[in-house]
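Here the structure comes first, spelled out in structure tokens, and everything after it is commentary.
Laboratory data are not the source of any read-out in this text; all were calculated from the coordinates shown. This one's a predicted model, so the numbers in the text were calculated from it and none came from an experiment. Note that each Cβ is placed from the backbone with ideal geometry, even for glycine, and that neighbours are counted across all protein chains shown.
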Amino acid sequence: MQNTKNGIASVVLNHLVSYPTPINFSYFYGYGSLAGICLGMQIISGVFLAMHYIPTSDLAFVSTEHIMRDLNFGWLLRYMHANGSSMFFLCVYIHIARGLYYGSYFYPRHFTWITGVVIFILMMATAFLGYVLPWGQMSFWAATVITNLFSAIPLLGNSIVEWLWGGFSIGNPTLQRFFSLHYLLPFAITATVGLHLAFLHKNGSNNPLTVDHSHSILPFYPYFVVKDILGFQLFLIMFSTFIFFSPNTLGHPDNYVYADALSTPAHIVPEWYFLPFYAIFTFNSR
């Protein structure tokens, strides 16, 4: 037991307290920490939402409305989870942009970059699966459009689509599969984040000048912990503004209409964080 305590204390000391950090870190380096906080909030709120959600095509929409209207602070959980995905992607996009700008993908940090890309792909899959779960109009038709893309894969495409659907059309088996995967993938993301941090701390952090900083470093605590706390406070203000004053701004009103396979929405659009990829898809399909 004593060895375990010493091991945990050593990990905390080496990776959170005395971790050598370049002195010229800008605030853009704090978005990795913010993304980790967003992941934690998504997992916690998602676990509580899963306690009341019913993954069937008949009751998914009703259970979502039950969470919003009848459950104590259910509206807060739902809005935290829905807007939290947008905040998560915002932090990750800025984190990626910072990495591209400062060349954080060069050797010897290439494995850190690769694991980061894997995290991003898992995030996109998780976000798409979660968007289908409320079983509104936009959820249903988004699932229809995206899953049909797999049919373009030679030989295996139709089999993959049938497996995703659990049959020959989107329905109850599809929703249950999506719910199971949406619940499990965040834990895969967490494991990959651990690997991402291991590679990061093995090779050290890059710095804005991309030069040797061995003679200009500071311990992570308290200097950069305070910097991250300030960034988190500003982030929390923005996040709270969306939750309490404009919770549906980043969503689509059609998703408050029960899914109807016989009624196509006027415009099938993804969430804002998928718009670049949707633009590529629509451009290539012309």
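Just to be sure I understand, if you calculate Cα extents along the principal axes in Å for this structure, which of (1) 66, 48, 31; (2) 52, 43, 35; (3) 66, 48, 41 do you get?
Of the labelled values, this structure produces (3).
Nearest 10 degrees is fine. How inclined is helix 2-12 to the longest principal axis of the chain, computing both from alpha carbons?
Long axis of 2-12 versus the principal axis of the chain: about 90 degrees.
Please turn the phi angles of segment 145-155 into ³J(HN,Hα) values with the Karplus equation 6.51 cos²θ - 1.76 cosθ + 1.60 (θ = phi - 60°), one per residue in order, whole Hz, x for glycine and proline.
Along segment 145-155, the couplings run 5, 5, 5, 5, 4, 5, 5, 6, 5, x, 6 Hz.
Angle check, please: helix 275-284 long axis (alpha carbons) against the longest principal axis of the chain (alpha carbons), in degrees 0 to 90, nearest 10.
Long axis of 275-284 versus the principal axis of the chain: about 60 degrees.
Can you tell me the length gained on complete extension of the stretch Y27 to F111, counting 0.36 nm per residue apart and subtracting the Cα distance?
27.9 nm
Which one, H252, A35, I153, is farthest towards the positive end of the dipole of the chain when Lys and Arg carry +1 and Asp and Glu -1 on their Cβ?
A35
Subtract the Cα-Cα distance of A152 and I229 from 0.36 nm times their separation in residues, and report this length gain in nm to one decimal.
Computed gain between A152 and I229 is 23.1 nm.
Neighbour counts of other C-beta atoms within 10 Å: give me V193, V132 arranged from fewest to most.
The fewest-first ordering by Cβ neighbours comes to V193, V132.
So how tilted is helix 60-69 from the main axis of the chain? Cα-based, degrees 0 to 90, rounded to 10.
Tilt of helix 60-69: around 60 degrees.
So what is the calculated 222 nm ellipticity per residue for the chain, using -39500 (n - 2.57) for each DSSP H run with n of 4 or more, over all residues, to the nearest 500 deg cm²/dmol?
When only DSSP H runs of four or more count, the value is -21000 deg cm²/dmol.
Using the Karplus equation 6.51 cos²θ - 1.76 cosθ + 1.60 (θ = phi - 60°), what ³J(HN,Hα) coupling, rounded to whole Hz, does each residue of segment 128-139 give in order, writing x for Gly and Pro?
Along segment 128-139, the couplings run 4, 4, x, 5, 7, 4, x, 6, x, 4, 5, 4 Hz.
How high is the relative contact order of segment 27-284? Use alpha-carbon pairs under 8 Å, at least six apart in sequence, and give a whole percent.
Reported relative contact order: 30 percent.
Amide H neighbours of T21 under 5 Å, at least 5 residues apart or on other chains, H built in the peptide plane: list them.
Correct list: L218, F220.
Give a residue-ordered list of calculated ³J(HN,Hα) values for segment 256-271 (Karplus: 6.51 cos²θ - 1.76 cosθ + 1.60, θ = phi - 60°; whole Hz; x for Gly, Pro).
Couplings: 9, 10, 4, 4, 9, 5, 9, 10, 7, x, 4, 9, 9, 10, x, 5 Hz.
Give me the distance in nm between label points sitting 7 Å out from Cα along the Cα-to-Cβ direction at L262 and L250, one decimal.
So the label points at L262 and L250 sit 3.6 nm apart.
Given a Förster radius of 25 Å and the C-beta distance between L195 and V47 as r, what FRET efficiency does 1/(1 + (r/R0)^6) yield to the nearest 0.05?
The computed FRET efficiency comes out at 0.65.
Please report how far the C-alpha centroid of segment 107-155 lies from that of segment 46-71, rounded to the nearest whole angstrom.
Each part's Cα centre sits 23 Å from the other's.
For segment 116-211, which chymotrypsin sites (Phe, Trp or Tyr not before Pro) are both in a DSSP coil and crowded by at most 15 other Cβ atoms within 10 Å?
Listed in order of number, the matching sites are F168.
With 10 angstrom as the radius, rank K227, K202 by how many other C-beta atoms surround their C-beta, starting from the fewest.
So the residues, fewest neighbours to most, are K202, K227.
Can you put L133, L209, L155, L181 in order, fewest other beta carbons within 10 Å first?
L155, L209, L181, L133
Suppose every K and R has +1 on its Cβ and every D and E has -1 on its Cβ; what is the size of the dipole of the chain about the Cα centre, in Debye to the nearest 20?
I would put it at about 640 debye.
Summing Lys, Arg as +1 and Asp, Glu as -1, what charge do residues with Cβ under 15 Å from the Cβ of S86 carry, S86 excluded?
0
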